[in-house]
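The values are calculated or read from the model by the stated rules, or taken from the named source; none is laboratory data. Small disclaimer: the values here were computed from a predicted structure and weren't measured. No Cβ is skipped: glycine too gets one built from the backbone with ideal geometry, and neighbour counts run over all protein chains shown.
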Amino acid sequence: MKKTALTLALAAALPSLASAEVFTYYGKANASFQSNDEGDGAITDVKSNASRLGVKGELDFDAGIQGIYKMEYEVDIAGESDETFKQRDIYAGLQGGFGQIIGGKFDTPMKLSQKRVDLFNDYEGDIKSLITKSDNRVSNSLQYTTPTYAGFRLAADYISNSKADIFDDEGNVIDTRDNGTSIALSYENNGVYLAYAIDNGVEANDWQVSRYTAQYNLGNWQLGGLYEEQEDDENIKKDGWVTSVAYKINQWTAKAQYGQSDIIKTDGETFSLGLDYKLSKAAKVFSFYTNETAAGDFERSYVGIGTEFKF
């Protein structure tokens, strides 16, 4: 009875808080019906492509300073996961003329530096699938981002891993993670976006990753490219790259993406095509095809259709 009363009280209070602009509800429902062939024959299923619910807000303080926060959780529309909610970006901090400082769990500056080059983000053709290991969302992070000056902006993230253990395949602690840093310098002006990012000790101890990104928007066209080099603790270097192009005409957007990388699998190669139709500012239907290959007779392909609603 007490829990029910508390729930009703919170439900009554939340709309009034929202109307006072203390916070904003938001979310995305994205689901696709697709055929997946990963080498053992094609199977069909429904995928929840990083669908999410979140709340975010700003609180005005004195001297032009604002308190900011965000709490975002992934929701599995397909019902395959036992977890109702899975943490995404969760943070609190301050922003003002000095820039922004936040602490919590969120995307690293390197991950964000890719801008919109990855046209198949959250789908099977996501660059995390075969191109890079460095699109990370990490906990225990403290990040400072400068204001934008003449198109330039710097973001620096300090990641505390002093209590993070490293385990072997049998679950035994074999080492302790060191602290890491992720830094990105970007420039954006008149449709041109350029970025350089470097991770040190984020993926693993003594691993260094550098990434170069370029994106150009001209009329209905968007062109993008990304190159990344990874060096592990044994000084072994691997690299990968991806290019993408999108063309919009009325409500339609045609997309293509191609990349090669040795970072995840030797001789990895990925190719994706997509076609979106915009129903409204907050809704679209989409289709995609992705094919991935690598050394050792590795090959998998995916084809799907789906809907996305933002609110």
Requested in this report: Quick one: count up the residues across the stretch 204-225 that are surrounded by 15 or more Cβ atoms within 10 Å (Cβ to Cβ), closer than 17 Å to residue 115 by Cα and in contact with a Gly (Cβ under 8 Å, 6 or more places away or on another chain).
Outcome: 4
Query raised in the report: Conditions: (1) under 30 Å from residue 120 (Cβ atoms); (2) of a type outside the set (A, V, I, L, M); (3) at pLDDT below 95. Residue 26 meets all but one. Number of the miss?
Result: (3)
Query - Condition broken by residue 194, with the remaining ones in (1) part of a strand (DSSP E or B); (2) touching a helix residue (DSSP H, G or I) at 6+ places or on another chain (Cβ under 7 Å); (3) of a type in the set (A, V, I, L, M, F, W, C) satisfied - result: (2)
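Out of the residues in the stretch 182-191 that are of a type outside the set (D, E, K, R) and assigned to a strand (DSSP E or B), state the one that is surrounded by the most Cβ atoms within 10 Å (Cβ to Cβ).
Within the stretch 182-191, the match that is surrounded by the most Cβ atoms within 10 Å (Cβ to Cβ) is 182.
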**Report entry** Close pairs from the stretch 135-152: first without any contact (Cβ under 8 Å) to a residue 40 or more places away in the chain, partner of a type in the set (A, V, I, L, M, F, W, C) and assigned to a loop (DSSP other than H, G, I, E, B), Cβ under 8 Å, at least 6 apart
**Finding:** 140/164
Query raised in the report: Hey, any hits in the stretch 40-47 for a residue that's within 30 Å of residue 145 (Cα to Cα) and buried (at least 16 other Cβ atoms within 10 Å of the Cβ)?
Result: no
Query raised in the report: Counting only residues that are part of a strand (DSSP E or B) and among the small types (Gly, Ala, Ser), which one in the stretch 272-299 is nearest to residue 33 (Cα to Cα)?
Result: 287
Query raised in the report: Considering 123, 187, 193, 158, which residue is modelled with pLDDT of 95 or more, farther than 21 Å from residue 228 by Cβ and of a type outside the set (A, V, I, L, M, F, W, C)?
Result: 158
Query raised in the report: Restricting the search to the stretch 243-270, which residues are acidic (Asp, Glu) and either in contact with a His (Cβ under 8 Å, 6 or more places away or on another chain) or not in a strand (DSSP E or B) (or both)?
Result: 262, 267
Query raised in the report: Quick one: which of 209, 202 is closer than 28 Å to residue 156 by Cβ, touching a Ser or Thr at 6+ places or on another chain (Cβ under 6 Å) and modelled with pLDDT of 95 or more?
Result: 209
